[in-house]
1. How much mean residue ellipticity at 222 nm does the chain get from its helices, if each DSSP H run of length 4 or more adds -39500 (n - 2.57) and you divide by all residues, to the nearest 500 deg cm²/dmol?
2. Got the relative contact order for the chain handy, in percent, Cα pairs under 8 Å and 6 or more residues apart?
3. Under the 0.36 nm per residue contour assumption, what length would be gained going from the current alpha-carbon distance of residue 147 and residue 160 to full extension?
4. Short version: ³J(HN,Hα) in whole Hz for each residue of segment 58-65, in order, from phi by Karplus 6.51 cos²θ - 1.76 cosθ + 1.60 (θ = phi - 60°), x for Gly and Pro, what are they?
5. Where in the chain is the longest stretch that carries no trypsin sites (Lys or Arg not before Pro) classed as loop by DSSP and with at most 10 other Cβ atoms within 10 Å?
6. Which residue, 109, 92, 121, tops the fluctuation ranking in a GNM of the chain built on C-alpha contacts under 10 Å?
7. In nanometres, what is the gap between the two model label sites at residue 125 and residue 139, each 7 Å from Cα along Cα-to-Cβ?
8. Kindly provide the chymotrypsin sites (Phe, Trp or Tyr not before Pro) of segment 72-134 that DSSP labels as loop, not H, G, I, E or B, and whose Cβ sees at most 12 other Cβ atoms within 10 Å.
Amino acid sequence: MPVDMSDIGELAEKIKDLGWHFEFLFPGKDILELMPTFKSLTIPMSIGHFAYQPATSGIEASGFKALLELAKEGNTWIKISGANRVSETDLPPYDDVKPMAQKLIDAAPERIMWGTDWPHPNKYEVNPNDGDLVNAFGEWVQDEAMRQKIMTDNPGEFYRF
C-alpha cells in the first residue's frame, strides 16, 4: 500500500511488534533524499531492484554508494532483482549490472537476496526471459555456497521461513 514517507516512522512503530517489515520500491534518483528516513528505521526492510540505480552510473555513483551504506547497516536487505530494470539495454546478458551485484554481495553477503521480478508487471521493449535473468545471476555469483546464501538462506531469514 502506498504510504507517504513522512508517515513511515509512525507506521514502523505500529507494525514492529507484529514482526512485519517494509518492502521499498522507489525511483532511484530519490535514494539520497530518503536516506534519513531509511537510517531512522529499526525494523527490517527490503529494497528491490538494486534501488533502481542505473548500471550506467556505475558503482562510484552517490546513489549506489548510499545503497551500499544501507546494505552494511544490518536491518536492510537488498534484492539484486530485475536486472533488466537497471541495465542500459533492458536486454540480456545484463553484463553492465554485474559490478553492482558483486559490490553489494561483497559489502553485505548476509543481506542480499535475488529474484527475477516475475511476472514482470511493467511493459518493456522486450519482456524479460527468466532464463536470461537466472543465467545473469549465475555469472554474477559463481560460488555455490554464496548462491545458496543469496537464493535460499538470506530470504529464509528475512521472510522467516
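1. -11000 deg cm²/dmol
2. Rounded, it is 19 percent for the chain.
3. Stretched out fully, the residue 147 to residue 160 stretch lengthens by 2.8 nm.
4. Coupling constants for segment 58-65: x, 7, 9, 5, 4, x, 5, 4 Hz.
5. Between the exposed loop sites, the longest stretch runs 1-122.
6. 121
7. Simple spin-label model gives 1.5 nm for this pair.
8. Of the chymotrypsin sites (Phe, Trp or Tyr not before Pro), the ones in loops of segment 72-134 whose Cβ has at most 12 other Cβ atoms within 10 Å are 124.
Any read-out appearing in this document is the output of simple, stated calculations on the displayed coordinates, not a laboratory observation. Remember, predicted model here, so these are calculated numbers, not experimental data. With ideal geometry, Cβ positions are generated from the backbone for all residues, glycine too; neighbour counts draw on all protein chains shown.
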